[in-house]
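Peer 1: Structure provided below as structure tokens; questions to follow.
The values are calculated or read from the model by the stated rules, or taken from the named source; none is laboratory data. Keep in mind the model is a prediction, meaning the values are calculated, not measured. Cβ atoms come from the backbone with ideal geometry, glycine included; neighbour counts cover every protein chain shown. The protein model used for the area step is the full one, side chains on, heavy atoms only, and it has no ligands, DNA or RNA in it. Shrake-Rupley method; radii C 1.70, N 1.55, O 1.52, S 1.80 Å.
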Amino acid sequence: MNLLDELRTHRLLAIVRGPDPAAALTAVLTLAESGVALVEISLTSADALGTIRRARATLGPDFALGAGTVLSAEDAHAAADAGAGFLVTPALAPSLAEGGRLGLPVLAGALTPTEVVQATGGGATAVKLFPASLGGPDYLGALRDPFPGTPIVPVGGVDATGARRYLDRGAVAVGVGSPLLGDAVRGGDPAALRERAAAFLTAVRP
């Protein structure tokens, strides 16, 4: 899987994190059915590895399904074994180098210019600007000046309106958790999740 191509094409990464494995799996499948083509399951979720395995078995080998909050080399191996096709980190972590050794693309967390340099120098496919809400779209725009060729994905506090603003300031895609998932990860109405997915897909449309 070419993660960068997927990010550039679809422009929306859904982040699933929750306490109920069955609800998380339903949310992942609902997102996929709704046209959300990139989904990350955070390893902080209950039975995250089991959810990744079950989602992979249902969605097939070509769906862009990844693992998030991957920190250690052990996390990277466990995620790969479960079927994750890419890794996402909240910060610079040992999982970045391990992802490279495993042949998995990594969306590596960074906030400052120094961290952006370290992430890209460490082999990150793209940089996860986290938490993006600290600086907002204007901060992203400032980062784009010294790093015009670096693919950046803002994550943290991105709603549908903010998604468009980040993309207009040069983000390659946006990562969205609770503003998209809502209560779906706790058993909420899948129909409401489908409505939110439609709103976000409209917001990120080129």
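Peer 1: Can you tell me, using C-alpha contacts under 8 Å and at least 6 residues apart, the relative contact order of region 68-206 as a whole percent? Could you put the intermediate results ahead of the total?
Peer 2: Values: 227 pairs, mean separation 20.8, N = 139.
The normalised contact order for region 68-206 reaches 15 percent.
Peer 1: Quote to one decimal, in nm, the extra length available between Tyr139 and Asp168 on full extension: 0.36 nm per residue of separation minus the C-alpha distance between them.
Peer 2: Working: separation 29, 0.36 × 29 = 10.44 nm, distance 1.27 nm.
Length gained between Tyr139 and Asp168: 9.2 nm.
Peer 1: Where the centre of each part is set by its Cα atoms, how far does region 133-182 sit from region 44-84, in angstrom?
Peer 2: Computed from Cα coordinates, the inter-centre distance equals 24 Å.
Peer 1: Rounded if a/c is under 1.5, else prolate if a/b is larger than b/c, else oblate: which is the chain, with a ≥ b ≥ c the root eigenvalues of its Cα gyration tensor?
Peer 2: Because a/c hits 1.5 or more and a/b fails to exceed b/c, the chain counts as oblate.
Peer 1: Shifting gears a bit: Once you charge only the Cβ atoms, +1 for Lys and Arg and -1 for Asp and Glu, what is the size of the charge dipole of the chain about its Cα centre, to the nearest 20 debye?
Peer 2: In debye, rounded to 20, the chain gives about 340.
Peer 1: Kindly sort Tyr139, Tyr166 by accessible area of their heavy atoms, largest first, with the probe set to 1.4 Å.
Peer 2: Largest to smallest exposure gives the sequence Tyr139, Tyr166.
Peer 1: Additional query: Can you figure out the FRET efficiency of Thr161 with Asp47, using R₀ = 35 Å and their beta-carbon distance, to the nearest 0.05?
Peer 2: Plugging the Cβ-Cβ distance into 1/(1 + (r/R0)^6) gives 0.55.
Peer 1: Expected output is a single nm value to one decimal: the length gained when fully extending between Asp189 and Arg101, i.e. 0.36 nm times separation in residues minus the C-alpha distance. What is it?
Peer 2: Working: separation 88, 0.36 × 88 = 31.68 nm, distance 4.00 nm.
Stretched out fully, the Asp189 to Arg101 stretch lengthens by 27.7 nm.
Peer 1: Tell me, what is the per residue accessible area of the chain in Å², probe radius 1.4 Å?
Peer 2: On a per-residue basis, 40 Å².
Peer 1: Here's something else I'd like to know. Quote the charge dipole size of region 1-122 about the Cα centre in Debye, to the nearest 20; the model charges only the Cβ of Lys and Arg (+1) and of Asp and Glu (-1).
Peer 2: With Lys and Arg at +1 and Asp and Glu at -1, about 120 debye.
Peer 1: Can you tell which of Gly60, Leu201, Ala48 lies farthest toward the positive end of the dipole of the chain, using +1 and -1 charges on the Cβ of basic and acidic side chains (Lys, Arg; Asp, Glu)?
Peer 2: The Cα lying farthest towards the positive end belongs to Leu201.
Peer 1: May I pose another question? Please give the solvent-accessible surface of Glu33 in Å², to the nearest 10, using a probe radius of 1.4 Å with every protein chain present.
Peer 2: Its heavy atoms expose roughly 140 Å² to the probe.
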